[in-house]
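Peer 1: Mind having a look at this structure? Questions to follow.
The values are calculated or read from the model by the stated rules, or taken from the named source; none is laboratory data. This one's a predicted model, so the numbers in the text were calculated from it and none came from an experiment. Glycine also receives a Cβ, built like all others from the backbone with ideal geometry; neighbour counts cover every protein chain displayed.
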Amino acid sequence: MAEGYKDKLVATKQAWARAGRLVTGKAGDPEHDRLPPGQRLVENWPVLDLGVQPAIALADWQLTVDGLVANPLTWTYAELLAQPQTEDTSDIHCVTQWSRYDNNWTGVTTQHLLNLVKPLPSAAHLVLHAYDGYTTNVTLEQFSDDDCLIAHTHDGAPLSREHGGPVRLVIPRYYLWKSAKWLKRIEFVGADRPGFWENRGYHNFADPWLEQRYG
Ligand SMILES: Nc1nc2c(c(=O)[nH]1)N[C@H]1C(S)=C(S)[C@@H](COP(=O)(O)O)O[C@H]1N2
Ligand SMILES: [Mo]
C-alpha cells in the first residue's frame, strides 16, 4: 500500500466487508423514501479517505481524460471553469451509514464531458484515478447520470482540500466511495477494473437503495 495510508483503518474496513457489518438486508424505495436503508442523517460532513490529503495548487491541477475515447483531453483548472457550469443539489450516502442531504454542487456535468471526448463503442467502464493514488470504477451508464458532476464548489464555497478540492467527482446515486476526491484522471476501459475498495470487499456497483455495501 502507498506510503501514508492508514493501513489499520483499511484492514478494519476490509474485515467489516468480509463480515457483512452494517448490512440491514432491507430494500429501500427511492420513490417514497429519502433515507436509504441502514442510513442515518447527519448535519455535519465527515471526512473519510486513506489518510493522505494531497495539496494541489490550482495552477498545478490537471484532469486527463483518456483511454477508449475518440478525443482525449486534458483540462487545467482554468479550462475546467471555461466549460459550461452546472449547479445541482443532491444527497450523499456513505457506506459507513451516514447520509447528508442537500449538498449544492457546482461543476461540469459528465454528460458535457462525454459529448466532448466521445467514448468508443468498446468503452463500457471507467476508472477514476486520484492524486492520492486512490482509484474507483464505474460503468459508463453510472457515469452518465445527469446529476454526476466534476465539481469544484460545494454550498457556494471552493471545495476544501479535506473533501477533495480542488476538484472531485460527485456521483450521488451511489455510495460515496465512488465519488473520487482529488480527481486526476478519468480512464475509459473495455473490461471492468475494480478500484481500491472494490478490491477489498466493497460492492462493485454500490447502489444505496439496494444496500449494495459489500459484494
Ligand atoms: N481520492 C480519494 N477519494 C475518495 C476516498 C479516498 O480515500 N481517496 N475515499 C472515498 C470514501 S471511502 C468516501 S466515504 C468518500 C468520503 O468523502 P468525504 O471525505 O468528502 O466525506 O470519499 C471517497 N473518495
Ligand atoms: Mo467510505
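Peer 1: Quick one: THR86 ticks every box in (1) touching a Phe, Trp or Tyr at 6+ places or on another chain (Cβ under 9 Å); (2) within 30 Å of LEU9 (Cβ to Cβ) bar one, so which box is it?
Peer 2: Single failed check for THR86: (2).
Peer 1: Still on this structure, please answer the following. The conditions are (1) more than 13 Å from the chain's Cα centre (by Cα); (2) more than 16 Å from ligand 2 (Cβ to nearest atom); (3) not polar (S, T, N, Q), and PRO194 fails exactly one of them. Which is it?
Peer 2: If we test PRO194 against (1) more than 13 Å from the chain's Cα centre (by Cα); (2) more than 16 Å from ligand 2 (Cβ to nearest atom); (3) not polar (S, T, N, Q), just (2) comes out false.
Peer 1: How about segment 37-75: which of its residues are of a type in the set (S, T, N, Q), free of Cβ contacts under 8 Å to residues at least 60 places away in the same chain and touching a strand residue (DSSP E or B) at 6+ places or on another chain (Cβ under 6 Å)?
Peer 2: From segment 37-75, those of a type in the set (S, T, N, Q) are 39, 44, 53, 62, 64, 71, 74; that's our starting set.
After this cut, where a residue has to be free of Cβ contacts under 8 Å to residues at least 60 places away in the same chain as well, the list is 44, 71, 74.
Correct list: THR74 only.
Peer 1: Continuing with this model, one more query. Would you mind finding the one in LEU176, LEU159 that is modelled with pLDDT of 95 or more and touching a Cys at 6+ places or on another chain (Cβ under 6 Å)? It would help to see each step written out before you state the result.
Peer 2: Working: LEU159 fails: touching a Cys at 6+ places or on another chain (Cβ under 6 Å).
The unique qualifying residue is LEU176.
This table checks each residue for (1) buried (at least 18 other Cβ atoms within 10 Å of the Cβ); (2) over 21 Å from SER179 (Cβ atoms); (3) more than 15 Å from the chain's Cα centre (by Cα).
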position	(1), (2), (3)
ASP60	no, yes, yes
ASN71	no, yes, yes
TYR77	yes, no, yes
VAL95	yes, no, no
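Peer 1: While we're looking at this one, here's another question. Does segment 22-40 include one or more residues that are under 23 Å from THR135 (Cα atoms) and either touching a helix residue (DSSP H, G or I) at 6+ places or on another chain (Cβ under 6 Å) or at pLDDT 90 or above (or both)?
Peer 2: There is no residue in segment 22-40 that is under 23 Å from THR135 (Cα atoms) and either touching a helix residue (DSSP H, G or I) at 6+ places or on another chain (Cβ under 6 Å) or at pLDDT 90 or above (or both).
Peer 1: Now for a separate question. Could you look through segment 167-191, keep only residues that are surrounded by fewer than 20 Cβ atoms within 10 Å (Cβ to Cβ) and in a loop (DSSP other than H, G, I, E, B), and pick out the one that is nearest to ligand 2 (Cβ to nearest atom)?
Peer 2: Among those residues, the one meeting the criterion is ARG173.
Peer 1: Hey, another quick one. When residues of segment 114-152 are filtered for being part of a helix (DSSP H, G or I) and either within 16 Å of ligand 1 (Cβ to nearest atom) or touching an Asp or Glu at 6+ places or on another chain (Cβ under 7 Å) (or both), how many remain?
Peer 2: At the first step, the residues of segment 114-152 found to be part of a helix (DSSP H, G or I) are 114-117, 140-143.
Of the ones still in play, those that are also either within 16 Å of ligand 1 (Cβ to nearest atom) or touching an Asp or Glu at 6+ places or on another chain (Cβ under 7 Å) (or both) are 142-143.
Here the count works out to 2.
Peer 1: Here's a follow-up. Just give me the residues in segment 118-164 being touching a residue at least 40 places away in the same chain (Cβ under 8 Å) and more than 28 Å from ALA55 (Cα to Cα), in sequence order.
Peer 2: LYS118, PRO119, LEU120, SER122, ALA123, ALA124, HIS125, THR139, LEU140, GLN142
Peer 1: Between a first residue in segment 86-103 that is without any contact (Cβ under 8 Å) to a residue 60 or more places away in the chain and in a strand (DSSP E or B) and a second residue that is of a type in the set (Val, Ile, Thr) and within 13 Å of ligand 1 (Cβ to nearest atom), which pairs have beta carbons less than 9 Å apart while being 6 or more apart in sequence or on different chains?
Peer 2: Here the result reads TRP98/VAL42; TRP98/ILE92; ARG100/VAL42; ARG100/ILE92, each pair linking segment 86-103 to a residue that is of a type in the set (Val, Ile, Thr) and within 13 Å of ligand 1 (Cβ to nearest atom).
Peer 1: Shifting gears a bit: Taking the residues in segment 172-200 that are more than 14 Å from THR135 (Cα to Cα) and in contact with a Ser or Thr (Cβ under 7 Å, 6 or more places away or on another chain) as candidates, determine which candidate is farthest from ligand 1 (Cβ to nearest atom).
Peer 2: Among residues in segment 172-200 that are more than 14 Å from THR135 (Cα to Cα) and in contact with a Ser or Thr (Cβ under 7 Å, 6 or more places away or on another chain), the one farthest from ligand 1 (Cβ to nearest atom) is GLY190.
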